[in-house]
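Before any comments, here is the structure.
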Amino acid sequence: MADHAILAGKRVLLVVAGGIAAYKSLDLIRRLRERGAAVRAVLTEAGARFVTPLSVQALTEDTVYQDLWSLTDESEMGHIRLSREADLLVVAPATANLLARMAAGMADDLAATVLLATDKPVLVAPAMNVRMWQHAATRANMALLESRGVRRIGPNEGVMACNEYGPGRMAEPMEIVDAIAAIFAEDAHRPLAGRRAIVTSGPTHEPIDPVRYIANRSSGKQGHAIAAALAKLGAAVTLVSGPTRLPDPPGCSVAHIETAREMLAACEAALPADIAVCAAAVADWRVDTESDRKLKKDGGGPPALALTENPDILATLSRPGKRRPALVVGFAAETGDVLAYATAKRTRKGCDWIVANDVSPGTGTFGGSDNTVHLIRADGVESWPTMPKDAVAARLAEAVAGYFAGK
Ligand code: C5P
């Protein structure tokens, strides 16, 4: 359980949407206030059908905000100030309707407008009928919101007000309090604040002609997760990404590139930086002379493609000099003799650390969500257990923070 002491003095803006679970939000207000947090509430029109503004006002001991068009509400506190004067926005209950409006970026009432205007962390506690929760539309909206950094607690499984059974019940007030305390604790842990990081991710595409290219199977999952993990610890991250199917990770500025040369240029443009993590699967070779017309089957047999070597981004960033990041981390994807090859690679490329992994067919690393890695530094090797790529990223980001803490 998270330590609730962190809640003292924090300002929570609670958005109560229209669901039967809204009655639990009254208890949530009480529990947060008992722990020293200030709670200000926004009620949607539907929310006000489930709990009265009067009870919310009595519990928050503050004005309850309901109307985007109310002169009194807006003159007392504009929607921008409402979100600015909060440390965290909590939507409880978060209905399917409000989640859809958030995902679409709508601003058609005060609640949606405040949620669109905020730059603060947002936690949603969904509550709805099982089928509404399981509907592809809600699933897609929730996934989109989470990819943008919105956090979620619940819903829990159980009997619903409509007598159906399944996931859809709003998390209990104390679970929400725990989740809020955990977010504040996480946000207080920013050891990389003030540091700049460059992360490369994904494959590169090297054109053969206007319609064809050389590529590889990198999904970008590990690199994107590292960018997000460094940003979470406070670093200002530039993610330089080749073509992937992944959404841009929250909190990072992203340069989308296609070729290795574009990747190198984007990395150099992002310098100076304290940290560089090269997780991209850069194509080693490109076609020497890209055809500006589609190569045709003209009866003369297959074309001969002369290849030429791409710049090595990791080695370039590792080169000693004024602009060299203090910590350069490379990846080594090997198929056998992982440690020996990766250790040699660390010296050859001139980087400080190598994250080595076995990508032999059958390990499921490529495109999968788990990874088994070894962290190779000048003074030895740490072998980490198999874990999700997100967890590898979090642990690597902590190791980076530890490096700078020791400096
Ligand atoms: O030489 P190899 O491709 O095995 O090295 C892998 C490491 O080097 C990875 O960190 C990868 O991102 C980086 N690399 C690079 N530019 C290249 C080739 C590899 O940055 N052209």
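Listed values, structure above:
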quantity	calculated
Which listed residue is within 14 Å of the ligand (Cβ to nearest atom), in a loop (DSSP other than H, G, I, E, B) and either under 13 Å from Thr204 (Cα atoms) or of a type in the set (A, V, I, L, M, F, W, C) (or both), from Ala273, Ala283	Ala283
Where Pro325 falls short, out of the listed (1) surrounded by 21 or more Cβ atoms within 10 Å (Cβ to Cβ); (2) not in a loop (DSSP other than H, G, I, E, B)	(2)
Arg217 vs. criteria modelled with pLDDT of 95 or more and basic (Lys, Arg)	no
Filtered residues of the stretch 328-339 (kept if of a type in the set (Gly, Ala, Ser) and either in a strand (DSSP E or B) or within 13 Å of the ligand (Cβ to nearest atom) (or both))	Gly330, Ala332, Ala333
Given (1) near the ligand (Cβ under 8 Å from one of its atoms); (2) assigned to a helix (DSSP H, G or I); (3) surrounded by fewer than 21 Cβ atoms within 10 Å (Cβ to Cβ), index of the condition Leu317 fails	(3)
Among residues of the stretch 340-349, those that are more than 11 Å from the ligand (Cβ to nearest atom) and buried (at least 16 other Cβ atoms within 10 Å of the Cβ), counted	1
Hey, Gly223 of a type outside the set (S, T, N, Q), free of Cβ contacts under 8 Å to residues at least 60 places away in the same chain and within 22 Å of Ile376 (Cβ to Cβ) or not	yes
Given (1) buried (at least 19 other Cβ atoms within 10 Å of the Cβ); (2) touching a Phe, Trp or Tyr at 6+ places or on another chain (Cβ under 7 Å), number of the condition Ala397 does not satisfy	(2)
Out of Ala8, Ala37, sole residue that is hydrophobic (A, V, I, L, M, F, W, C), more than 30 Å from Ala137 (Cα to Cα) and in contact with a strand residue (DSSP E or B) (Cβ under 7 Å, 6 or more places away or on another chain)	Ala37
The listed residue being surrounded by fewer than 22 Cβ atoms within 10 Å (Cβ to Cβ), within 21 Å of Gly47 (Cα to Cα) and among the acidic types (Asp, Glu), out of Glu172, Glu157, Glu164, Glu146	Glu172
Flag if Gly251 is away from the ligand (no atom under 16 Å from the Cβ) and free of Cβ contacts under 8 Å to residues at least 24 places away in the same chain	no
Residue check for Leu98: in contact (Cβ under 8 Å) with a residue 60 or more places away in the chain, under 23 Å from the mean Cα position of the chain (by Cα) and more than 29 Å from Ala5 (Cβ to Cβ)	yes
Among (1) in contact with a helix residue (DSSP H, G or I) (Cβ under 7 Å, 6 or more places away or on another chain); (2) within 16 Å of the ligand (Cβ to nearest atom); (3) modelled with pLDDT under 95, the one test that Asp390 misses	(2)
The stretch 332-352 residues that are assigned by TED's automatic domain parsing to the domain that holds Arg377, paired with ones that are of a type in the set (Ser, Thr, Tyr) and away from the ligand (no atom under 11 Å from the Cβ) (beta carbon under 7 Å, 6 or more apart)	Thr335/Ser360; Gly336/Ser360
Qualifying residue in the stretch 187-195 (condition: closer than 25 Å to Leu32 by Cβ and basic (Lys, Arg))	yes
Helices (runs of 4 or more DSSP H) enclosed by the stretch 8-84 - at least 2 residues per element that are under 22 Å from Ile180 (Cα atoms), in contact with a helix residue (DSSP H, G or I) (Cβ under 7 Å, 6 or more places away or on another chain) and of a type in the set (S, T, N, Q)	none
Filter result for the condition that a residue is within 27 Å of the chain's Cα centre (by Cα), of a type in the set (A, V, I, L, M, F, W, C) and assigned by TED's automatic domain parsing to the domain that holds Ile183, over Ala38, Ala21, Ala58, Ala104	Ala104
Residues of the stretch 373-394 classified as of a type in the set (Val, Ile, Thr) and surrounded by fewer than 19 Cβ atoms within 10 Å (Cβ to Cβ), total	2
Residue match in the stretch 298-313 (condition: closer than 30 Å to Gly406 by Cβ, among the charged types (D, E, K, R) and either in the same structural domain as Thr204 (by TED's automatic domain parsing) or within 11 Å of the ligand (Cβ to nearest atom) (or both))	yes
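Okay, residues lined up against (1) in a helix (DSSP H, G or I); (2) within 27 Å of His224 (Cβ to Cβ):
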site: Leu89; (1), (2): no, yes
site: Pro93; (1), (2): no, no
site: Met102; (1), (2): yes, yes
site: Asp108; (1), (2): no, no
site: Thr113; (1), (2): yes, no
site: Met128; (1), (2): no, no
site: Ala137; (1), (2): yes, yes
site: Met142; (1), (2): yes, yes
site: Gly166; (1), (2): no, no
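The values are calculated or read from the model by the stated rules, or taken from the named source; none is laboratory data. All of these numbers come straight from a predicted model, not from anything done at the bench. As a convention, Cβ positions derive from the backbone with ideal geometry for all residues, glycine included, and neighbour counts pool all protein chains shown.
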